[in-house]
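Just below is one structure, and these are the notes that go with it.
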Amino acid sequence: MSYSIAIDGPAGAGKSTIAKLIAKRKGYIYVDTGAMYRAIALYFIEQGIQASEQDKMSEAVVNANVTISYENEEQIVWLNGRNVNGLIRTEEVGKMASLSSTNKDVRKKLVELQQALAKKENVVMDGRDIGTCVLPNANVKVYLTADSYIRALRRYEELKAKGQECELDVIEKDIIARDFQDMHRELSPLKQAEDAVLLDSSDMSIEQVADAIIHLCDKGAK
């Protein structure tokens, strides 16, 4: 019987960082939902489908199969049986993924693929609608959040470390705007599942957050 951990929350809350750490500590598969959307986007590009051709996306996505595995601790993204790791991180694919992810048929297909993966493997999955839509029966559900200023500060320090110029107040405004957009979108809006545990990471380290979630697993939270 597979085990699943669902982590939802707003932008900049540290969901992916925490999910990857928990997956490593538990020996589970971290399901990179963003990479799966990118693989689908690559499929559309290779099929010659334009970002504006929503109907063609709806038709073509039926024939796309995406899954994730780990080999030597490296995530492998498979598109119709082909390793596409080296192809999905381009700017072109990123833009197509952003536009195609709003297509309801694309989202439906990705949810089905993510659910199929969770039935076979022990998984940790993070996003905006994992506990509410993708894995409503997850063994552990967490809504991970933090103060908007704290989230902005983390992003600011991350960008500064990469040598990129940025302004803290601009980043915070963008985060607040994205929160509103995610919470009010028509398709699978961001919200805390009724049975999710609220975890505010504003004053917690990455390790403390991971420990808290693993504690929920150990005590059998549902």
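Condition check for M183 on (1) exposed (fewer than 13 other Cβ atoms within 10 Å of the Cβ); (2) under 30 Å from G27 (Cβ atoms); (3) hydrophobic (A, V, I, L, M, F, W, C): one failure, at (2).
Rundown of residues vs (1) surrounded by 16 or more Cβ atoms within 10 Å (Cβ to Cβ); (2) among the charged types (D, E, K, R); (3) touching a strand residue (DSSP E or B) at 6+ places or on another chain (Cβ under 9 Å), yes/no style:
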| residue | (1), (2), (3) |
| --- | --- |
| D8 | yes, yes, yes |
| K15 | yes, yes, yes |
| M36 | yes, no, yes |
| A39 | yes, no, yes |
| Q47 | no, no, no |
| N72 | no, no, no |
| N85 | no, no, yes |
| V93 | yes, no, no |
| K104 | no, yes, no |
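Under the condition of being modelled with pLDDT under 95, of a type in the set (G, A, S) and surrounded by 15 or more Cβ atoms within 10 Å (Cβ to Cβ), the residues counted in the stretch 202-222 number 1.
Residue pairs, Cβ under 7 Å, 6 or more apart or interchain, first in the stretch 124-143 and of a type in the set (S, T, Y), second surrounded by 22 or more Cβ atoms within 10 Å (Cβ to Cβ). List them. Close Cβ pairs satisfying both conditions: Y143/D8; Y143/G9; Y143/A196.
May I ask you to verify whether A146 is farther than 21 Å from G27 by Cα, touching a strand residue (DSSP E or B) at 6+ places or on another chain (Cβ under 8 Å), modelled with pLDDT of 95 or more and surrounded by 15 or more Cβ atoms within 10 Å (Cβ to Cβ)?
On the way: farther than 21 Å from G27 by Cα: yes; touching a strand residue (DSSP E or B) at 6+ places or on another chain (Cβ under 8 Å): yes; modelled with pLDDT of 95 or more: yes; surrounded by 15 or more Cβ atoms within 10 Å (Cβ to Cβ): yes.
Yes, satisfied.
A single member of V111, V106, V93 is more than 22 Å from V197 (Cβ to Cβ), of a type in the set (A, V, I, L, M, F, W, C) and free of Cβ contacts under 8 Å to residues at least 24 places away in the same chain, and it is V111.
Say we look at the stretch 16-27 and pick out the residues that are over 10 Å from V209 (Cβ atoms) and modelled with pLDDT of 90 or more; which of these is nearest to the chain's Cα centre (by Cα)? Among those that are over 10 Å from V209 (Cβ atoms) and modelled with pLDDT of 90 or more, it is A19. If you check I68 against the conditions, is it at pLDDT 95 or above, under 15 Å from the mean Cα position of the chain (by Cα) and not assigned by TED's automatic domain parsing to the domain that holds C217? Spelling it out, it is not the case that I68 is at pLDDT 95 or above, under 15 Å from the mean Cα position of the chain (by Cα) and not assigned by TED's automatic domain parsing to the domain that holds C217. Each residue in the stretch 59-84 was checked for being part of a loop (DSSP other than H, G, I, E, B) and in contact with a Phe, Trp or Tyr (Cβ under 6 Å, 6 or more places away or on another chain), and 1 pass.
Residues to consider are A23, A6, A19, A11; find the one that is under 24 Å from R155 (Cα atoms), part of a loop (DSSP other than H, G, I, E, B) and either of a type outside the set (D, E, K, R) or outside the structural domain of V111 (by TED's automatic domain parsing) (or both).
A11
The set of residues in the stretch 196-206 being in contact with a helix residue (DSSP H, G or I) (Cβ under 8 Å, 6 or more places away or on another chain) and either closer than 17 Å to D147 by Cα or free of Cβ contacts under 8 Å to residues at least 60 places away in the same chain (or both) consists of V197, L199, S201, S202, M204, I206.
The values are calculated or read from the model by the stated rules, or taken from the named source; none is laboratory data. Note that the structure is predicted; figures quoted are calculated from it, not measured. Neighbour counts are summed over all protein chains in view; Cβ atoms, including those assigned to glycine, are modelled from backbone coordinates with ideal geometry.
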